[in-house]
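The values are calculated or read from the model by the stated rules, or taken from the named source; none is laboratory data. Remember, it's a predicted structure, so these values are computed and weren't measured experimentally. Glycine gets a Cβ as well: all are built from the backbone with ideal geometry, and neighbour counts include every protein chain shown.
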Amino acid sequence: MTTYSKLVDVTVCTGCRACMVACKNWNDLPVETQAYSGGYQSHEKPTGKTWNVLQMKEHETANGGFEWLYRHSACYHCADAACEKVCPEGAITYGEFGSVDIDQEACVGCSYCVYNCPFDIVELADYVTEDGDVRQRAQKCTLCEDRLQEGLQPSCVDTCPLDAIVFGEREEMLKLAEERLEKAKQFFPNAQIYNPPGVGGTKMFYVLADKPSVYGLPENPEVPTSAVLWKDIAQPAGKALLGVTMMGVLTGYVTNKLFNKGEHHEEGGEVDESKHG
Amino acid sequence: MMELSRRQFLKLSGATAATLAVVELGFDPKKAQAESNEFKIAHSEVTPTICPYCSVGCGILVHVKDGDVVYTEGDPDHPINRGTLCPKGNGIRQLYTSEKRVERPKYRAPGSTEWEEVDWDWALGRIAENVKKTRDESFVVEEDGMTVNHTEAIANLGGAALENEEVYMIQKLMRGLGLTYIEHQARI
């Protein structure tokens, strides 16, 4: 099956933040004010109401010079996603275009995904229920799956004036990443592709100008062992056991009622009879 | 094994079906849910426009639905930006949707600290009166023995949303009035 990916070539990014605004515009996300952090960066990291944030890192080069390291940060859409594994409601699934989706109807806001995301991306956001109560649920980049289904590109991709963000079939994107890397190496000797295998590769992957740690990215992000144990071993076993138990209990209950009817009659248990009418 | 009556058999079957439903062997309602949500810009009226901010003049498509601007995006057919936009142009939707948008002309009288709402006719009339008055008072026909026919008391500032033809018209009008301070926002 064809799978898709978003390639972010941060070596050509100028840090204009058009991707941030386009995301807010398409997804109707509200303004989120945060305290001034002392730099040029607007928000600290992606949140439930700001799905992508342009990171601006001040970096000293090897020869003592100064350069900006810009990075479009949003959900990485891991092929082997920790959030999908830990979600107790099964609200997180893989979309047909390679995205990791959170079903907003099913999410109960337990924040397991928030604590288990290796990239610290997904967060809870407030919403108002039909009854007017304020509740929380996990929100993050959807890879604009609604746009993809209509044959459009994600809004951040569409708007990027420098083609730093590109979306397409994964094989093509991997090839393009290699080409971009070749070009980047002329200016950035440490340039590399960031597509960490610890999470099965990511459907949003980078061409970085330097080591991931320089950007504040985990070098080898992994799905937490507890998440693997929970999803791949404990949960299927638990489900099977639950099924067996439920069957056992219900069958037992029904057969008990059916075949012990006589005794109830002897005891004068007319109530049971009317219930099962 | 005890004998089962027809009634008892049905009860047992019912219980089995109910149990299976409980242990999640049912259908998937998520898919049906996703298909029922309408695409955000489906059936929207699309109007092309030019970004009002800088001198690049990017093309923008404005999506209007039920009398409200639901989305704005770079015009993919526009030769200048080819579908892309900068963050400022991307935020153009707020020109219409923002609560802070000024929808009517406002007037602050000389010496006053308050803005009051006025209608367009009054505002344009007042501007015309003041232009005529200022020009007549400050018009210089001759300076240092040279015919200049100008006024230095009025300045004009154009905006990036103006197109070639509009700028030409403004230039004609302002030169006709004798202005020398003619500038453009996108040059600042």
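For the subset of region B:85-99 comprising residues that are out of contact with any helix residue (DSSP H, G or I) (no Cβ under 7 Å at 6 or more places or on another chain) and among the small types (Gly, Ala, Ser), which member is farthest from residue B:72 (Cα to Cα)?
B:98
Residues of region A:135-147 being within 11 Å of chain B (Cβ to nearest Cβ) and either in contact with a Gly (Cβ under 6 Å, 6 or more places away or on another chain) or closer than 16 Å to residue B:83 by Cβ (or both), which ones?
Residues satisfying the conditions are A:144, A:145, A:147.
Are any residues in region A:55-113 more than 19 Å from residue A:4 (Cβ to Cβ), out of contact with any His (no Cβ under 6 Å at 6 or more places or on another chain) and of a type in the set (Asp, Glu), and if so, which ones?
A:58, A:60, A:89, A:103, A:105 - these are the residues of region A:55-113 that are more than 19 Å from residue A:4 (Cβ to Cβ), out of contact with any His (no Cβ under 6 Å at 6 or more places or on another chain) and of a type in the set (Asp, Glu).
Based on what the data block shows, is residue A:184 in contact with a helix residue (DSSP H, G or I) (Cβ under 9 Å, 6 or more places away or on another chain) and small (Gly, Ala, Ser)?
When the stated conditions are applied, residue A:184 does not pass them.
Within region A:186-238, track down each residue that is surrounded by 15 or more Cβ atoms within 10 Å (Cβ to Cβ), basic (Lys, Arg) and either over 18 Å from the mean Cα position of the chain (by Cα) or in the same structural domain as residue A:11 (by TED's automatic domain parsing) (or both).
Across region A:186-238, the qualifying residue is only A:203.
Report, ordered by the first and then the second residue, all pairs with beta carbons closer than 6 Å, sequence separation of six or more or different chains, a first member in region B:147-176 that is on the phi < 0 side of the Ramachandran plot, and a second member that is basic (Lys, Arg).
B:151/B:135
Would you mind telling me which numbered condition in (1) modelled with pLDDT of 90 or more; (2) within 30 Å of residue A:258 (Cα to Cα) residue B:2 fails?
All conditions are met except number (1).
Could you please find all residues in region A:153-176 being among the hydrophobic types (A, V, I, L, M, F, W, C) and either surrounded by 18 or more Cβ atoms within 10 Å (Cβ to Cβ) or more than 10 Å from every other protein chain (Cβ to nearest Cβ) (or both)?
Residues satisfying the conditions are A:156, A:157, A:160, A:164, A:165, A:166, A:167, A:173, A:174, A:176.
Could you please find all residues in region A:73-100 being surrounded by 21 or more Cβ atoms within 10 Å (Cβ to Cβ) and either touching a Gly at 6+ places or on another chain (Cβ under 7 Å) or closer than 24 Å to residue A:150 by Cα (or both)?
Answer for region A:73-100, where residues must be surrounded by 21 or more Cβ atoms within 10 Å (Cβ to Cβ) and either touching a Gly at 6+ places or on another chain (Cβ under 7 Å) or closer than 24 Å to residue A:150 by Cα (or both): A:74, A:75, A:76, A:77, A:78, A:91, A:92, A:97, A:98, A:99, A:100.
Taking the options B:135, B:108, name whichever one is surrounded by 12 or more Cβ atoms within 10 Å (Cβ to Cβ) and on the phi < 0 side of the Ramachandran plot.
Criteria check complete, one pass: B:135.
Among the strands (runs of 3 or more DSSP E) lying completely within region B:40-104, list those that include at least 1 residues that are under 19 Å from residue A:144 (Cα atoms) and facing another protein chain (nearest Cβ under 9 Å).
B:68-74
Out of all the residues in region A:116-152, which are part of a helix (DSSP H, G or I), of a type outside the set (A, V, I, L, M, F, W, C) and out of contact with any helix residue (DSSP H, G or I) (no Cβ under 8 Å at 6 or more places or on another chain)?
A:145, A:146, A:149
Which pairs turn up if I take residues in region A:150-176 that are in contact (Cβ under 8 Å) with a residue 60 or more places away in the chain and look for partners that are hydroxyl-bearing (Ser, Thr, Tyr) and assigned to a loop (DSSP other than H, G, I, E, B) with beta carbon separation below 6 Å, at least 6 apart in sequence or on another chain?
Correct list of pairs: A:159/B:84; A:161/B:84; A:169/A:2; A:170/A:3.
I need the full set of residues from region A:127-149 which are without any contact (Cβ under 8 Å) to a residue 24 or more places away in the chain and touching a strand residue (DSSP E or B) at 6+ places or on another chain (Cβ under 9 Å), in order please.
Result: A:127, A:128, A:129, A:134.
Any idea which residue in region A:78-90 is farthest from residue A:137 (Cα to Cα), counting only those that are small (Gly, Ala, Ser) and touching a residue at least 60 places away in the same chain (Cβ under 8 Å)?
Only one residue tops the list, namely A:79.
Would you pick out the residues in region B:70-105 that are within 11 Å of the chain's Cα centre (by Cα), surrounded by 13 or more Cβ atoms within 10 Å (Cβ to Cβ) and free of Cβ contacts under 8 Å to residues at least 12 places away in the same chain?
B:91, B:94
Does region A:72-107 hold any residues that are within 9 Å of the chain's Cα centre (by Cα), assigned to a strand (DSSP E or B) and under 21 Å from residue A:215 (Cβ atoms), and which are they?
Of everything in region A:72-107, just one residue is within 9 Å of the chain's Cα centre (by Cα), assigned to a strand (DSSP E or B) and under 21 Å from residue A:215 (Cβ atoms), namely A:78.
If you go through region B:92-106 one residue at a time, do you hit one that is among the β-branched types (Val, Ile, Thr), touching a Gly at 6+ places or on another chain (Cβ under 8 Å) and assigned by TED's automatic domain parsing to the domain that holds residue B:54?
no
Determine the pairs where a residue that is in the same structural domain as residue A:166 (by TED's automatic domain parsing), located within region A:57-77, has a partner that is of a type in the set (Lys, Arg) with Cβ atoms under 6 Å apart, the partner being 6 or more residues away or on another chain.
Pairs that qualify, where the first residue is in the same structural domain as residue A:166 (by TED's automatic domain parsing) and the partner is of a type in the set (Lys, Arg), are A:69/A:57; A:75/A:140; A:77/A:203.
Since residue A:30 meets every condition but one in (1) farther than 22 Å from residue A:207 by Cα; (2) buried (at least 20 other Cβ atoms within 10 Å of the Cβ), which condition does it not meet?
Residue A:30 satisfies every listed condition except (2).
Name the strands (runs of 3 or more DSSP E) wholly within region B:134-188 that hold at least 3 residues that are outside the structural domain of residue B:59 (by TED's automatic domain parsing) and within 25 Å of residue B:54 (Cβ to Cβ)?
B:146-158, B:179-184
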